Amino acid sequence: MPINYLNLYVFAIFGAFAASVAGIVICYTGISDTSYLAYRGMELTTYYLDKNRHDLYFNGLVYSITFGFAFLLLLAVIMIPSPDQLQKRLAATSFAGASGAPGLPVAQETTVAETDSAEDEAPIEIELEPDIESFEMEEEESALSGGVEEDDSDVVYGSGRITDQSHRAFILSSPDSAVKFLLRKELDGRPLKSSQDEIYEGWQKRGLSRGKLRKHFLKIMEWDSVPELEVNEIFNQVKAKAFEINHA
């Protein structure tokens with residue numbers, strides 16, 4: 001049975017807080033039961049009914065207050081995010097890089113190229129439709145060029161214009177990179193690293209398109225649409241299919 005660490009963390013917080021309060025209440029009550037105050041002339045004097053128990057409760061009260069104060073400091077350290085954590089949270093939202101948040105550092109990294117299709121500018125949308133117009137333009141370009149593809153059209157190792165056929169070859173040769181480029185996530189579901197964003201931006205400038213890549217994904221996998229599964233599960237299915245096609 002998997003452990004829910006969030007519930008365990010919340011339980012530990014409330015447990016430590018309840019233990020601190022209970023210790024303070026018990027020790028304070030014990031001090032009141034083992035001593036009393038009385039005026040002796042003009043002075044207020046403490047009389048002890050049981051000096052040993054009084055000292056024990058007094059020390060317990062000091063320890064409980066110290067523990068409660070230390071617990072509050074520890075909780076503050078855990079709850080207050082660091083600048084790096086703030087930057088990661090900003091990068092994980094659709095408002096990453098926005099200039100409307102005063103006082104927070106804004107990443108200087110460039111995002112997806114503005115010249116690409118509309119689905120490349122928006123947050124990840126698995127249900128995006130293929131860019132039909134770009135497919136027709138690609139087919140027309142291929143027809144005008146006589147169907148001759150450049151040797152450097154490979155997505156990963158080439159430096160020339162990425163063709164429609166290179167999109168399919170990219171899926172079969174590098175299914176992990178293809179899945180991450182399409183879904184804009186790591187295989188474990190986390191946001192992409194900034195270094196990978198720079199690489200993907202270079203591929204997009206050479207002609208790599210999420211719309212075209214999605215078209216080939218659906219055709220290779222024989223899907224009607226990209227299933228709503230974990231990124232790692234989608235990658236495992238694509239990897240198995242690519243292995244089957246490459247060794248057919």
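The values are calculated or read from the model by the stated rules, or taken from the named source; none is laboratory data. All values derive from a computational prediction rather than experimental measurement. For neighbour counting, all protein chains shown are included, and Cβ atoms are generated from backbone atoms with ideal geometry for every residue, glycine included.
Can you name the number of the only condition in (1) of a type in the set (S, T, N, Q); (2) in contact with a Ser or Thr (Cβ under 9 Å, 6 or more places away or on another chain); (3) within 29 Å of Ile13 (Cα to Cα) that Asn59 fails? It is condition (2) that Asn59 fails.
Out of curiosity, is Leu56 surrounded by 10 or more Cβ atoms within 10 Å (Cβ to Cβ), more than 30 Å from Ser194 (Cβ to Cβ), at pLDDT 75 or above and in the same structural domain as Phe17 (by TED's automatic domain parsing)? Step through it out loud before you land on a result.
Numbers: surrounded by 10 or more Cβ atoms within 10 Å (Cβ to Cβ): yes; more than 30 Å from Ser194 (Cβ to Cβ): yes; at pLDDT 75 or above: yes; in the same structural domain as Phe17 (by TED's automatic domain parsing): yes.
For Leu56, the condition - surrounded by 10 or more Cβ atoms within 10 Å (Cβ to Cβ), more than 30 Å from Ser194 (Cβ to Cβ), at pLDDT 75 or above and in the same structural domain as Phe17 (by TED's automatic domain parsing) - is met.
For Lys180, the stated conditions do not hold, so it cannot be described as modelled with pLDDT of 85 or more and in contact with a strand residue (DSSP E or B) (Cβ under 7 Å, 6 or more places away or on another chain).
If you go through the range 188-238 and pick out every residue that is in contact with a Leu (Cβ under 8 Å, 6 or more places away or on another chain) and closer than 25 Å to Arg161 by Cβ, you end up with 7. Looking only at the range 148-205, which residues are of a type in the set (Val, Ile, Thr), in a loop (DSSP other than H, G, I, E, B) and either in contact with a His (Cβ under 7 Å, 6 or more places away or on another chain) or crowded, with 18+ Cβ neighbours inside 10 Å (or both)? Residues satisfying the conditions are Val155, Ile162, Thr163.
Cβ separations smaller than 8 Å between residues 6+ apart or across chains give the following pairs from the range 23-43 residues that are over 13 Å from Asn59 (Cβ atoms) and free of Cβ contacts under 8 Å to residues at least 12 places away in the same chain to residues that are of a type outside the set (Val, Ile, Thr) and in a strand (DSSP E or B): Leu37/Leu44; Leu37/Tyr47; Ala38/Leu44; Ala38/Tyr47. Output the residues belonging to the range 206-238 that are part of a helix (DSSP H, G or I) and more than 13 Å from Lys180 (Cα to Cα). The answer is Gly211, Lys212, Lys215, His216, Leu218, Lys219, Ile220, Met221, Gln237.
Pairing each residue of the range 178-204 that is hydrophobic (A, V, I, L, M, F, W, C) with any residue that is in a strand (DSSP E or B), provided the two are 6+ apart or on different chains, yields C-beta distances under 7 Å for Leu192/Lys185.
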